[in-house]
Amino acid sequence: MNLQSNDFELFGLALQFAQDRVAIDARWKDLQREAHPDKFAAQGAAAQRVAMQWSVRINEAYQRLKAPLKRAAYLCELRGAAVNAENNTSMPPEFLMQQMDWREALDDANSLEDLDDLGLQVKLAMRDGLSKCERFLDHQHDYLQAAQQVRALMFIERFERDVQARLDQMETVERGQ
């Protein structure tokens, strides 16, 4: 293992968006077994510290690889198309209009059914956006478009959390009555 390897190299995966989650999970377990500090107890404290560094590195890579949106953002970065979500928030007007419509729908939602419907729309948009990421990254090799799609998905993911929080709040109120 090489600390300088990117996450895909570390896990022995093709440098692409489409991945098998089961294979990622299995490889993570294998790598963790190989690098577990207890395996190096007889070699002393220095070897255990190195093993701990490896364990941390493996876990960081796993967190990026297992989550499709993080994986897409990481691939964009590796391909020279930084996502820069903190600094680059420009979005196409139709996307912004959709976000405004969703925000209004969330504010106006008066029932669990309203929130479930909105949540379904958001999940479908997320699935569609991830599909576009795969197309841009793996087929068209258009990393700038992929980075723009990742930024849009970050907005959608944040909104999805807002919908879930409102749903949890509404369910708590209903249970309390």
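The values are calculated or read from the model by the stated rules, or taken from the named source; none is laboratory data. A quick note: this is a predicted structure, and the numbers were derived from the prediction, not measured. Counting neighbours? That spans all protein chains shown, and the Cβs are built from the backbone with ideal geometry, glycine included.
If the condition is being in contact with a Leu (Cβ under 9 Å, 6 or more places away or on another chain) and within 30 Å of LYS132 (Cβ to Cβ), then region 22-50 contributes ALA23, ILE24, ARG27, TRP28. Taking the listed residues VAL83, VAL50, VAL22, the one that is among the β-branched types (Val, Ile, Thr), more than 14 Å from the chain's Cα centre (by Cα) and surrounded by 13 or more Cβ atoms within 10 Å (Cβ to Cβ) is VAL50, with no other qualifying. Would you check if there is a residue in region 130-142 being assigned to a helix (DSSP H, G or I) and farther than 13 Å from ALA18 by Cα? Within region 130-142 (the criterion being assigned to a helix (DSSP H, G or I) and farther than 13 Å from ALA18 by Cα), the answer is no, since none of the residues qualifies.
When ASP107, ASP7, ASP101 are screened for being exposed (fewer than 14 other Cβ atoms within 10 Å of the Cβ), closer than 30 Å to TYR143 by Cβ, at pLDDT 95 or above and of a type outside the set (A, V, I, L, M), only ASP101 passes.
Residue-wise test of (1) closer than 30 Å to ASP7 by Cα; (2) free of Cβ contacts under 8 Å to residues at least 12 places away in the same chain; (3) not in a loop (DSSP other than H, G, I, E, B).
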site: LYS70; (1), (2), (3): yes, yes, yes
site: ASN88; (1), (2), (3): yes, no, no
site: MET100; (1), (2), (3): no, yes, yes
site: ALA125; (1), (2), (3): yes, no, yes
site: ALA152; (1), (2), (3): yes, no, yes
site: GLU160; (1), (2), (3): yes, no, yes
site: ALA165; (1), (2), (3): no, yes, yes
site: ARG175; (1), (2), (3): no, yes, yes
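The number of residues in region 48-72 being under 22 Å from VAL22 (Cβ atoms) and hydrophobic (A, V, I, L, M, F, W, C) comes to 6. Please verify whether region 43-57 includes one or more residues that are touching a residue at least 60 places away in the same chain (Cβ under 8 Å) and assigned to a helix (DSSP H, G or I). There is no residue in region 43-57 that is touching a residue at least 60 places away in the same chain (Cβ under 8 Å) and assigned to a helix (DSSP H, G or I).
Would you confirm whether any residue within region 31-42 is within 24 Å of the chain's Cα centre (by Cα) and surrounded by 15 or more Cβ atoms within 10 Å (Cβ to Cβ)? Yes, region 31-42 contains at least one residue that is within 24 Å of the chain's Cα centre (by Cα) and surrounded by 15 or more Cβ atoms within 10 Å (Cβ to Cβ). Can you find a residue in region 91-111 that is closer than 20 Å to ALA67 by Cα and not polar (S, T, N, Q)? No: region 91-111 contains no residue that is closer than 20 Å to ALA67 by Cα and not polar (S, T, N, Q).
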